[in-house]
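One structure is given below, encoded as structure tokens.
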């Protein structure tokens with residue numbers, strides 16, 4: 001079983017739609033959680049950290065459920081520019097990051 | 001403020017050869033990590049350097065080695081290249097846990 005599992009997609013949604021991605025992780029000692037965004041043939045870029053209380057950044061909302069060991073990302077009012085691969089990432093303390101394989105989102109006009 | 005830089009951007013090597021990739025971290029960052037990203041996969045952790053020492057290592061063979069210099073820059077060396085080593089190699093620098101990635105080096109082994 002992979003340490004971090006994501007639905008690879010692709011998720012094809014129209015502009016303006018709301019879309020949600022989930023991710024599960026197997027290491028219960030994980031302490032830090034992130035969503036990274038990766039455009040085609042580019043490096044991953046930090047989208048947002050995920051906190052236990054949930055957090056929001058504009059159109060993006062991240063949630064963490066420690067009991068069920070899953071993380072979610074909600075994107076509201078999707079834009080064409082949101083088309084990318086979204087990587088779920090976990091870390092245990094100061095240990096290196098463990099990435100999921102990514103979920104591909106394609107927003108269509 | 002320059003971000004993480006890597007060189008070269010692209011590289012083509014033959015099976016059995018050796019390669020060295022280079023990384024300069026963001027200003028003020030003291031920790032450098034290396035990742036391998038195969039097509040369609042998420043980045044896989046290779047190793048991490050802090051204070052010129054390898055602090056953590058992922059599940060990669062000894063053919064993969066590295067170094068960190070006093071100015072925090074780093075090198076990744078891969079010996080006896082295999083076709084399966086073809087990938088995007090990403091360097092990330094961090095300070096207090098948040099990692100920032102460089103643009104990567106795309107290595108093709110033929």
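When each of the peptides B:73-81, A:47-55 is scored by how many other beta carbons lie within 10 Å of its residues on average, the order from highest to lowest is B:73-81, A:47-55.
For segment B:1-40, the convex hull spanned by the alpha carbon atoms encloses 108 Å³ per residue.
Per residue, the Cα convex hull of chain A amounts to 97 Å³. Beta bridges from DSSP with both residues in the protein assembly as shown: antiparallel share about 90 percent, rounded to the nearest 5. Shielding of peptide A:98-106 by partners, expressed as the average count of other chain Cβ atoms within 10 Å per residue Cβ, is 3.
Computed over the alpha-carbon pairs of the protein assembly as shown, the distance histogram in 10 Å steps reads 8, 33, 34, 20, 5, 0 percent, short to long. Over segment B:30-110, Cα pairs under 8 Å with separation of 6+ residues give a relative contact order of 30 percent.
Each principal axis of segment B:12-110 carries a Cα extent, and these read 38, 26, 22 Å when sorted largest first.
The numbers here are math on the coordinates, done by the rules we state, and not lab data. The shown structure was predicted, so the numbers you read here are calculated from the model rather than taken from an experiment. All Cβ positions, glycine included, derive from the backbone under ideal geometry; neighbour counts span all protein chains shown.
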